[in-house]
Number of protein chains: 2
Amino acid sequence: MIPRVLFRRFADLKSGRSSAVATRLQHSWNYEDNGSQGSRRHKQQAIMAGVIGAGAGVALWLKYHLTADAASSLLVTDKEVAEYGEYKDGMPEYTLEDVAQHDTADKRIWVAYRHGVYDITDFVQEHPGGEKILMGAGGSVEPFWALYAVHKNPHVLQIFEKYRIGNLAADDVGAMVKDMSDPYGNEPRRHITLKPASMKPFNAETPLAFLADSLITPSELFYVRNHLPVPEVDAKTYELEIVDETLDKEKTIKLSDIKKYPKYTITATIQCAGNRRSEMMKVKPVKGLSWGQAAIGNATWSGARLCDVLKDMGVDEETTDALHVQFEGLDTDPASMPYGSSIQIEKALDPRGDVILAYEMNGEPIPRDHGFPVRVIVPGVVGARNVKWLGKIVVSKHESDAHWQQNDYKGFAPNVDWDTVDFSKSPAIQDLPVISAICVPEEGETLKVVDGKVTLRGYAWSGGGRKVIRVDVSTDGGKNWQAVEDLTSDPARHPRAWGWSLWQAEVPVKEGISETQLCVKAVDSQYNTQPENFENIWNLRGVINNAYHRVNVKLAR
Amino acid sequence: MIPRVLFRRFADLKSGRSSAVATRLQHSWNYEDNGSQGSRRHKQQAIMAGVIGAGAGVALWLKYHLTADAASSLLVTDKEVAEYGEYKDGMPEYTLEDVAQHDTADKRIWVAYRHGVYDITDFVQEHPGGEKILMGAGGSVEPFWALYAVHKNPHVLQIFEKYRIGNLAADDVGAMVKDMSDPYGNEPRRHITLKPASMKPFNAETPLAFLADSLITPSELFYVRNHLPVPEVDAKTYELEIVDETLDKEKTIKLSDIKKYPKYTITATIQCAGNRRSEMMKVKPVKGLSWGQAAIGNATWSGARLCDVLKDMGVDEETTDALHVQFEGLDTDPASMPYGSSIQIEKALDPRGDVILAYEMNGEPIPRDHGFPVRVIVPGVVGARNVKWLGKIVVSKHESDAHWQQNDYKGFAPNVDWDTVDFSKSPAIQDLPVISAICVPEEGETLKVVDGKVTLRGYAWSGGGRKVIRVDVSTDGGKNWQAVEDLTSDPARHPRAWGWSLWQAEVPVKEGISETQLCVKAVDSQYNTQPENFENIWNLRGVINNAYHRVNVKLAR
């Protein structure tokens, strides 16, 4: 009998108070952009379904300074890690029940992985404070590693193996995973040109040069940012739960109900907070997927306005006590915890905010990778709040307590590191700042000089409904600048200009040089512009990478 | 008999078609922030009241590259310029009627100043294109110089004197100014500590260190930015004209009518677009008042919401064809043209935009220098749109055609100079970007190091309702940064956070050094931050001076 998933508060876990019912498998090696590791929800609540025995649970916080590494983000084959967790002669044997007894520092902290049993107490004590990363304790880490495949890599396992204390009893090996199928076994088909940053979960960006070709990014080329496996949702049986905690109301609506509301179509750019992270990483390593410049795209989105739907619930901007609207996805982790985040009530209820429960992307049903059948589109706001496969809306006095709202997608001063970071001190990223990029040419390309000029193309965008009013380019590393003449966007006006601008410029290059650095910066309708360099905006999480985009090219005449 | 003020279109003037009624005195030496010189309204329409004779009018565009100079912005005594325009023996004598015959380049362009007659045709031809500056032609420049006193300075007059061709007939000397009293003869009393940037019109900033002392800037210390003489308005007889051009409606309301609407109070920071211009000027000269860091202040403003007043006019956000709301002040130039500018209809009609017809500042009737009895407060938006002494509101499909909307208060790329600038290519500044400043210590001060630390204080603000979420300071010229712990603001939330934040920081300085550079930068709730340096945001008009504020200090231990 598999015990029912049990939710407990983080405080309970931290204090070591334990449940006698289930063995908690809390886990996170939070070293990639995938907030699903290290989620506060996990810390608070993750208790593994499918565990065995009746060992007491425990919370375990590990600080593990792994730097992001694009290669390690991609899937590792079983063969590459086959040497770890093998049976070792001469070591004592323990059952999972034995392991479950060791779930606090007092009793030593044990975990199981394949044939191995590990005492990781010293590891924990040698890495106190800093980012609190939870992982399975008193049980097996395998179910989580099946989900967060990026952790199952030689670098992690090599460290892990140092803490080996024994072998797991043969009968118990695999017991934790026997009922698990690959959670990524039912992913949608993807366009071959998408450039993956990680496979499980799937994260991929558009080939950069394609971006500048079309004001509307084709759906199949639109960057994909998933935190968990893509759920398969049947539009016919789809239900959206809506709760107003302040009014103590709740209801459930179907897709057909959503379609009864007036249909609005907006053009909106969605961007990952980590877009262009690979550039920031050159200053100093950060944790997160190594995105290039194409974790961004522009599409039309059609659906019902959130404000209309909430008005029907009786939510009134003038009288509500709520401060936030939380969203939950139908994508879940092994503890059945969904992806979640929230936005401010002001954005949700303002008709001018244009928040849409979208069921169409670019005029077609939203593709599975982008949230089929319903995704909330919060235009001007970081992608992380544009929750896909929307399953639940909660009108609340509180922000979402999900990891992605509380402990991820926040910026910090450059001096803050994983030893000193306090996520509670920084507000969750919502509206994104002004950004731009050169899409053509790309770094290292050879560029043809025609009549003393070169041609550059790219995008520029600002969140918060700010429209790009000017794009400046430089062909000498930023010494001289000129505004581009050709700047295209949809006609929406500030402060509801949710879509990006594409630009093209023919600009002179200095005679006689064979290589140079191209730069771009944009100005938005609030006259904000971009910071020059990454040094002074560096942050440990590698978000808000909006310094000038610099592209080094060779020149052919 | 003084002819009635006559308005004519710019096109007429430019084509040389002339009025037989009045001698037009068009003028501008647009070298300071005072948009009243070079106003498009002037170019279009300025025809001098109080002129004599029946000479034909003419438009004259001069490009005059004068760099801003704080000293020259201040009032020049008659004594300092007494040597210019004096009677010169041996020169031919001309009457004003003679001068009036020379009002086009074909006929040579003559102007009169005191006892002198000048042929400035060559000057015009040597400075073609670029900023089109109008000045009196075929007549006297004196009435305008009485208003725009900054031009009456030795530097201008010295150049002017090179074009001297004769003496003005004794009977005509002073004829143009005989009915003029000093338009600045009725200015309000000002607090002695205000630091003037120009006297006529009066422009002055708060002593910098005072700013950081109080979240609410006392009214009498609030920076003053006037473009014209301060009008004396009687609250009892005050009338506000409201026109909707699209509905063909108009009405006039009194102060008592405005007070009948629900009274709203907001805390809002007002900032001049040229605040901190003196720092940008160090890169390369710009035109405009040499403001320090204190052309900004934070106050409470109380009054009726503009959206409520316009709703009463039948202006409906959903149905209106209007795109802009124009404002005119009761402050006027010699041609009776008022100060004017406009904002977008979206801002005006959105209750969340908090645009207020304010009759109180900090709980008291608005002082004369700040717009008594009614000033429109457009929170988050550049001071230039917060029109004082509000006389007229026009709901329109068009922006204000006033100089300050069309040909001033706009930003450009760094390569744009007065030869290449096209003001029509850049949108009028509305919401201002994120900015910050160190108020204490000031440049060159000696700072006491206590326990290895120094104390800094200052402000940070962002327009558009964005709240400052973080302020970073550096005590080593920007190499290392840390977030300040002490950041105070009123409780308003994004996107209606109109007021600034004050901050204080105790930060370590490197041991053993005797001087260093302090820096500050802010991050707002859209995660926008400031540009590092002025080089790449330099613009000919010296607006949006929001690069890091850098203060060089000596250290005492």
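The values are calculated or read from the model by the stated rules, or taken from the named source; none is laboratory data. Predicted, not measured: the structure shown is a model, and the values here were computed from it. Cβ sites come from the backbone with ideal geometry, for glycine too, and all protein chains shown count toward neighbours.
Laid out as a table, the results:
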read-out: Among residues of the stretch A:270-327, those that are basic (Lys, Arg), within 18 Å of the chain's Cα centre (by Cα) and part of a loop (DSSP other than H, G, I, E, B), counted; value: 2
read-out: Test: residue in the stretch A:404-411 that is surrounded by fewer than 20 Cβ atoms within 10 Å (Cβ to Cβ), among the small types (Gly, Ala, Ser) and more than 18 Å from A:TRP301 (Cβ to Cβ); value: no
read-out: Subset of the stretch B:546-557 that is of a type outside the set (Phe, Trp, Tyr) and within 11 Å of chain A (Cβ to nearest Cβ) - its residue that is surrounded by the most Cβ atoms within 10 Å (Cβ to Cβ); value: B:ASN546
read-out: Selected residue (only one of B:GLY465, B:GLY452, B:GLY477 is surrounded by fewer than 17 Cβ atoms within 10 Å (Cβ to Cβ) and more than 29 Å from B:MET281 (Cβ to Cβ)); value: B:GLY452
read-out: Evaluation of A:LYS453 against (1) more than 14 Å from chain B (Cβ to nearest Cβ); (2) under 29 Å from the mean Cα position of the chain (by Cα) (one fails), failing number; value: (2)
read-out: Tally of residues being over 13 Å from A:SER525 (Cβ atoms) and of a type in the set (Lys, Arg) across the stretch A:455-510; value: 3
read-out: Pairs where the first residue, in the stretch B:225-238, is in contact (Cβ under 8 Å) with a residue 12 or more places away in the chain and more than 24 Å from B:ALA294 (Cα to Cα) and the second is among the acidic types (Asp, Glu) and crowded, with 20+ Cβ neighbours inside 10 Å, C-beta under 9 Å, 6+ apart; value: B:PRO231/B:ASP331
read-out: Members of the stretch B:542-557 found to be modelled with pLDDT of 95 or more and either among the basic types (Lys, Arg) or in contact with a helix residue (DSSP H, G or I) (Cβ under 9 Å, 6 or more places away or on another chain) (or both), listed by number; value: B:GLY542, B:VAL543, B:ILE544, B:ASN545, B:ASN546, B:ALA547, B:TYR548, B:HIS549, B:ARG550, B:LYS554
read-out: Search result, residues across the stretch B:446-478 that are among the β-branched types (Val, Ile, Thr) and within 20 Å of A:ASN536 (Cα to Cα); value: B:VAL468, B:ILE469, B:VAL471, B:VAL473, B:THR475
read-out: Residue in the stretch A:259-267 that is within 20 Å of A:GLU364 (Cα to Cα) and touching a Pro at 6+ places or on another chain (Cβ under 9 Å) present; value: yes
read-out: Within the stretch A:519-538, tally of residues that are buried (at least 24 other Cβ atoms within 10 Å of the Cβ), charged (D, E, K, R) and either within 8 Å of chain B (Cβ to nearest Cβ) or under 21 Å from the mean Cα position of the chain (by Cα) (or both); value: 1
read-out: Restricting the stretch A:466-500 to residues that are at the interface with another protein chain (Cβ under 9 Å from one of its Cβ atoms) and in contact (Cβ under 8 Å) with a residue 60 or more places away in the chain, the residue that is nearest to A:VAL553 (Cα to Cα); value: A:GLY478
read-out: Meets criteria (part of a loop (DSSP other than H, G, I, E, B), within 11 Å of chain B (Cβ to nearest Cβ) and more than 22 Å from A:LEU208 (Cα to Cα)) for A:ARG541; value: no
read-out: Helices (runs of 4 or more DSSP H) wholly inside the stretch A:143-259 containing at least 1 residues that are polar (S, T, N, Q) and at pLDDT 95 or above; value: A:255-258
read-out: Selection count, the stretch A:382-433, where residues are assigned to a helix (DSSP H, G or I), of a type in the set (Phe, Trp, Tyr) and within 14 Å of another protein chain (Cβ to nearest Cβ); value: 1
read-out: Where A:ARG352 falls short, out of the listed (1) within 10 Å of chain B (Cβ to nearest Cβ); (2) surrounded by 24 or more Cβ atoms within 10 Å (Cβ to Cβ); value: (2)
read-out: Residue in the stretch A:438-449 that is β-branched (Val, Ile, Thr), crowded, with 24+ Cβ neighbours inside 10 Å, more than 14 Å from chain B (Cβ to nearest Cβ) and in contact (Cβ under 8 Å) with a residue 24 or more places away in the chain present; value: yes
read-out: Among the candidates B:LYS347, B:LYS388, residue that is among the charged types (D, E, K, R), over 18 Å from A:SER525 (Cα atoms) and surrounded by 22 or more Cβ atoms within 10 Å (Cβ to Cβ); value: B:LYS388
read-out: Where B:GLY458 falls short, out of the listed (1) surrounded by 20 or more Cβ atoms within 10 Å (Cβ to Cβ); (2) within 13 Å of chain A (Cβ to nearest Cβ); (3) assigned to a strand (DSSP E or B); value: (2)
read-out: Filter result (touching a residue at least 60 places away in the same chain (Cβ under 8 Å) and of a type outside the set (Phe, Trp, Tyr)) within the stretch B:349-359; value: B:ARG352, B:ASP354, B:ILE356, B:LEU357
read-out: Pairs where the first residue, in the stretch A:211-223, is under 12 Å from A:LEU194 (Cβ atoms) and the second is assigned to a helix (DSSP H, G or I), C-beta under 6 Å, 6+ apart; value: A:LEU221/A:PHE210
